[in-house]
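Quick notes on the structure that follows.
The values are calculated or read from the model by the stated rules, or taken from the named source; none is laboratory data. Worth saying up front: this structure is predicted, and the values here are computed from it rather than measured. As a convention, Cβ positions derive from the backbone with ideal geometry for all residues, glycine included, and neighbour counts pool all protein chains shown. Just the protein is used for accessible areas: all its heavy atoms, side chains included, with ligands, DNA and RNA removed. Shrake-Rupley method; radii C 1.70, N 1.55, O 1.52, S 1.80 Å.
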Amino acid sequence: MSIAICPGSFDPMTLGHLNIVRRTSRIFERVVVLVMVNANKRSPMFTIDERVDMIKRIVSPFPNVSVETYDGLLAEYAKRYGEAVIVKGLRAGTDFENEFQMAQINKTINPGLETMFLTSSEKYTFLSSSVVRELAGYGADLSDFVPREIIDEVLAKAQGGKKNG
Ligand code: ADP
């Protein structure tokens, strides 16, 4: 079976991420959306469990897409699937350098592991989770940026964070 892993922090999942997952699900028999626990990232907006729960609701229409989480190296995680391929979105601008470096390192750790890239859809090429977090902090309309299933949660979390902070 052909298996793709779409890794990321998804804090929160954006329409750009969803676009990549949807397109990947048409190419591979099975897709694992992998929420990575990244110790280097600043304090997250959503916990890992919240992110997994939100993504599960978003991808529920896609029968061949599942959601998992992993606290470790992606190249190690991929070994459990044998022939899995990493699929990532490539946005205009800074993604190339970082992604090229990560793909090389993953291949050094796990030589059988291939990374493939789908160019981001034109509409989403400047969209990131950090832009969404910033917009949410201003209570902006998020309907062009995040899946409708999570709009209220993202806004509520941003507003709650303000009150607490
Ligand atoms: P970010 O880089 O926004 O923190 P992630 O670490 O969750 O997001 O990103 C996971 C993967 O999704 C990366 O390969 C990234 O390039 C890709 N990605 C993020 N946003 C988009 C987008 N708007 N369009 C296409 N791919 C994207």
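Taking the accessible area of the range 29-99, probe 1.4 Å, and keeping the other protein chains in place, the carbon and sulfur fraction comes to 51%. Annotated for the chain: lysine pairs at least 8 residues apart or interchain, Cα distance under 20 Å, count 9. Using a probe of 1.4 Å on the protein chains alone, the accessible area found for Asp141 is around 110 Å².
Shown here is the pair-distance distribution of the chain: with all Cα-Cα distances grouped in 5 Å bins from zero up to the longest one, the shares run 1, 8, 18, 21, 22, 16, 8, 4, 1, 0 percent. The charge dipole of the range 77-151, taken about its Cα centre with unit charges on the Cβ atoms of Lys, Arg (+1), Asp and Glu (-1) only, comes to about 280 debye.
Highest mean first, what order results for 142-150, 100-108 on Cβ atoms within 10 Å?
Details: 142-150: 17.6, 100-108: 13.8.
Going by the mean number of other Cβ atoms within 10 Å, highest first, we get 142-150, 100-108.
About its Cα centre, the dipole of the chain is roughly 60 debye, where the only charges are +1 on Lys and Arg Cβ and -1 on Asp and Glu Cβ. Taken one residue at a time, the phi angles of the range 17-22 give Karplus couplings (6.51, -1.76, 1.60, θ = phi - 60°) of 4, 4, 4, 5, 5, 4 Hz. Gly and Pro are set to x.
Less than 5 angstrom separates the built amide H of Ile5 from those of Val32, Val85, Ile86, Val87, all sequence-distant by 5 or more or on a different chain.
For the pair the range 11-51 / the range 88-165, the C-alpha centres are spaced 8 Å from each other.
Run the Debye formula on the Cα coordinates of the range 93-165, all scatterers equal and no solvent, and tell me log10 I(q)/I(0) at q = 0.20, 0.21, 0.27, 0.28 1/Å. For the requested q values the scattering log ratios are -0.86, -0.89, -1.16, -1.22. I want to make sure I understand the PRE zone here: with the label point 7 angstrom from the Cα of Glu29 toward its beta carbon, which residues in the range 60-76 have backbone N atoms less than 19 Å away? 62-67, by backbone N distance to the label point. For Arg22, the solvent-accessible surface with a 1.4 Å probe is about 90 Å², rounded to the nearest 10. Largest to smallest in accessible area, the residues Ile151, Ile109 fall in the order Ile109, Ile151 (1.4 Å probe, all protein chains included).
Give the accessible surface of the chain per residue, rounded to a whole number of Å², with probe radius 1.4 Å and ligands, DNA and RNA excluded.
Numbers: 9170 Å² over 165 residues.
Accessible area per residue, the chain: 56 Å².
Here the accessible area is traced with a 1.4 Å probe on the protein chains. For the range 110-165, carbon and sulfur cover 53 percent of it.
Among the trypsin sites (Lys or Arg not before Pro) in the range 42-103, those placed in a DSSP loop whose Cβ has at most 16 other Cβ atoms within 10 Å are Arg42. A 1.4 Å probe over all protein chains sorts Ser43, Ser129, Ser2 by accessible area into Ser43, Ser2, Ser129, starting with the largest.
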